Amino acid sequence: MQAEKKAVPRHVAIVMDGNGRWAKARLLPRLIGHQRGVESVRKVIRACNQAGVECLTLFAFSSENWKRPLEEVSGLMSLFMLVLERETAGLIRHNVSMRFIGDRSAFSGSLQDKIAAVEQQTSHCTGMLLLIAANYGGRWDILQAARKLVAKLASGELSAQELTEQALDQELSTFGLPEPDLFIRTGGEQRISNFLLWQLAYTELYFTDKLWPEFDEQALQEAFKAYANRQRRFGMTSEQIQNQQGDVHA
Ligand code: IPE
Ligand code: IPE
Ligand code: MG
């Protein structure tokens, strides 16, 4: 039982890709693909929550996605607003708290207000943390952390010797969360696309050809199964890891 529980990742990070291709294959507008993608979001939140995942990070909009046609960008913004309005009560019912990472200052005032309201309304929830990466970029995250560190150095709050990996980690938008154990990307591409760059250093990567609107509970269980069969060595040898596991189970 305990071994089974250990096989569940504490933090899952997902690049939800393939909405556009799903729609295109059905001769539908791309936005319909994004709408269908929301169904998968709902399924995956529920399944992760039930499986005991502590933190689920979803890549909803990258800092590069502004380059898309205006119509798609504004459609996505309206969809974010609609989903936040519609889903918050359900999240609270399931004790899920929601937080956003990324540069929210680029969003409209009303969307920024909504984001702040949802964070506040779910802040008392003690179950799974749902982290939405919106206008997020891994490079942006490292850069904004570096800027804060420079300010601390300039003010003397931090010395050059105190400038450690830990100090940088503390300024990242994911501070306080376990590092992602499992990264999932749907849609067949095998790349990070500027998602959590620093945080993914030792994450297990899992890629599937399934398009995001097709990704369901069963597909998630397959990813969990693949994860459970990985040996995470963190630079050590297999033998060292096996000895460690022996110690834990003794
Ligand atoms: C991912 O699906 C959703 C967002 C980037 C918002 P895409 O829209 O990238 O779908 P494809 O990759 O074009 O199929
Ligand atoms: C990554 O998907 C961003 C999100 C899923 C939000 P993209 O579709 O934007 O990535 P690229 O352009 O194929 O690298
Ligand atoms: Mg894509």
Residue within region 74-95 that is in contact with a Phe, Trp or Tyr (Cβ under 6 Å, 6 or more places away or on another chain) and open to solvent by less than 70 Å² (accessible area, probe 1.4 Å) present: no
Pair list, Cβ under 6 Å, 6 or more apart: region 58-87 residue touching a residue at least 40 places away in the same chain (Cβ under 8 Å) and of a type in the set (Val, Ile, Thr), other residue surrounded by 12 or more Cβ atoms within 10 Å (Cβ to Cβ) and in a helix (DSSP H, G or I): VAL83/VAL38
Entirely in region 1-118, the helices (runs of 4 or more DSSP H) that have 2 or more residues that are farther than 30 Å from ALA228 by Cβ and away from ligand 3 (no atom under 16 Å from the Cβ): 70-93
So ARG99, is it charged (D, E, K, R), within 18 Å of GLU54 (Cα to Cα), surrounded by 15 or more Cβ atoms within 10 Å (Cβ to Cβ) and out of contact with any Phe, Trp or Tyr (no Cβ under 7 Å at 6 or more places or on another chain): yes
Cβ pairs under 6 Å, 6+ apart, first in region 95-120 and under 19 Å from SER63 (Cβ atoms), second among the acidic types (Asp, Glu) and at pLDDT 95 or above: ARG99/GLU119
Among (1) open to solvent by less than 70 Å² (accessible area, probe 1.4 Å); (2) more than 22 Å from GLU64 (Cα to Cα) - the single one GLN218 does not satisfy: (1)
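The values are calculated or read from the model by the stated rules, or taken from the named source; none is laboratory data. A quick note: this is a predicted structure, and the numbers were derived from the prediction, not measured. A quick note on method: Cβ atoms are made from the backbone with ideal geometry, for glycine too, and the neighbour counts reach across all protein chains shown. Ligands, DNA and RNA are excluded from the accessible area calculation, which covers all protein heavy atoms including side chains. Shrake-Rupley method; radii C 1.70, N 1.55, O 1.52, S 1.80 Å.
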